[in-house]
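Please read the structure below before turning to the comments.
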């Protein structure tokens, strides 16, 4: 179980079985915390985590704002975030699915046969789109934080991430 997300958050996204369930738990543990450090920086991460209740939900308005989904106008541009939890689910999904030897299908995990080459159900371009959706949320949260940094988030020192492209 992670800090903000757990295996249940992937129920409609990833078909797990007895062989991959532990892998998903490991992926959550491995990727959630580092991404939050990159998103917020060490000091703001520590303050954010200290504000969480037992269910992993922030209690203070400044942390609720960056945790929840939002649409804000910043510097005459619309900035939209699906929320921190959704961003983390997208991030872990990307890293989990791309490393699995099985194809992830609606009916569960299936192994590829070596006899015939077929187009993959989860193509590289689909994974890139999922990754970039995560980065869009990541950047939206950081854009908002930067817009009110002096007043609400003076300890912010997040790391910038860029979109993925194969071109």
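None of the figures in this text is laboratory data; all of them are computed from the coordinates on show. Here the structure is a predicted model, which is why all the values come from computation and not from measurement. As a convention, Cβ positions derive from the backbone with ideal geometry for all residues, glycine included, and neighbour counts pool all protein chains shown.
Using the Cβ-Cβ distance between residue 29 and residue 77 with R0 set to 25 Å, the FRET efficiency from 1/(1 + (r/R0)^6) comes to roughly 0.10. Within the P(r) computed for the range 1-92, what percentage of the Cα pairs occupies the region above 20 Å? When every Cα pair of the range 1-92 is considered, 41 percent fall beyond 20 Å. Taking each residue as 0.36 nm, the span from residue 126 to residue 38 lengthens on full extension beyond its C-alpha to C-alpha distance by 29.3 nm. Here residue 164 and residue 46 are evaluated by their C-beta separation; at R0 = 25 Å the FRET efficiency comes out at 0.30.
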